[in-house]
1. Using only the Cα atoms of the range 3-127, build the gyration tensor, take square roots of its eigenvalues as a ≥ b ≥ c, and label the shape rounded, prolate or oblate: rounded if a/c is under 1.5, else prolate if a/b is larger than b/c, else oblate.
2. So what J values fall out for the range 167-175 if you push phi through Karplus, 6.51 cos²θ - 1.76 cosθ + 1.60 with θ = phi - 60°, rounded to Hz, Gly and Pro as x?
3. Ranked from highest to lowest mean number of other Cβ atoms within 10 Å per residue, what is the order of the peptides 100-106, 140-146?
4. Per-residue counts of other Cβ atoms within 10 Å, averaged by peptide: what ranking do you get for 46-56, 81-91, 154-164, highest first?
5. Could you list which residues have their amide H under 5 Å from that of Lys111, counting only those 5 or more apart in sequence or on another chain, with H placed in the peptide plane?
6. Using Cα-Cα distances under 8 Å and only pairs 6 or more residues apart, what relative contact order does the range 3-127 have, in percent?
Amino acid sequence: MSRAASAEAPIRVLLVDDAPEMRLLVRTALRLRGGFEVVGEAGRGDSAVELAHELAPDVIVLDLVLPDVGGRDVLLNLQEAAPAADVVIFSGLDPEDPAWFEDRARGYVVKGDDVERLVEVIGGVGDPDGVVEAAVQLPRDLASVGEARAFVRSRLEAWGLGELMDLAYLVVSELAANAITHADSHYELSVVAAEHGVRIAVRDYGPGMPAPGPPQLSDEHGRGLLLVSAMSSAWGVEHREVGKVVWAELRREQDAVAD
């Protein structure tokens, strides 16, 4: 059970963002979800470090762009001040080396139209399965399907899940292509790793709905959602106020056999 699901103690969160309206948005989303306590807020890196040391939060939600110090420096300073805290990056910054941040933070969520994804990541803190997540936003361009595959490859390699690479390539190709062709939308790709395997999800912002169908030899970017469902241990569609999330889970071979 994660700390978010525990009735004994909520997850204690420190918000670090120089935009008061963004802190309000995140604070409100956490309050509505329940299981969280925002114990402090900071709009500058120096005050964030002081609060982190004083409050010892469970989670630090960090924007990498701050007026005094940001990027790698603020992340390292916060981890030194509160070594037991998990850092979840929530930023509009596109860093030159995103893998560096992803390897040192519990999650990396790109700022978007809502904070649902951020709340999900924070809620995973303390999960005994060791859930970690990375996300990236990609354009409405079929060429971005290759970028989506490269992103998934880098994450699976970093997490030691190379055995799932071939299946993940097919799944992410289909989900990304569906966001572009059916929803006619840019999209956010998220990859979540846990002890049992990986969950790949694509959030789009369009009205189109994917539909399973038989794979075609002429398919350029995938083999159809029917094949995706056959390869996945589970898959589905989650509606959002704007758009939807299409996801698929891939399990490590030993876990699939054990089940």
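1. On the way: a/c = 1.41, a/b = 1.27, b/c = 1.11.
Rounded, because the longest to shortest axis ratio a/c is under 1.5.
2. 5, 5, 4, 5, 5, 5, 4, 5, 5
3. Values: 100-106: 17.9, 140-146: 14.6.
Going by the mean number of other Cβ atoms within 10 Å, highest first, we get 100-106, 140-146.
4. Details: 46-56: 17.9, 81-91: 19.5, 154-164: 16.1.
Descending mean neighbour count gives 81-91, 46-56, 154-164.
5. Close amide H contacts, sequence-distant or interchain: Ser91, Gly92.
6. On the way: 218 pairs, mean separation 30.9, N = 125.
In percent, rounded to a whole number, it is 25.
Values in this text are rule-based calculations from the coordinates and carry no lab data. Note that the structure is a prediction, hence the values are computed from the model and not measured. Neighbour counts are summed over all protein chains in view; Cβ atoms, including those assigned to glycine, are modelled from backbone coordinates with ideal geometry.
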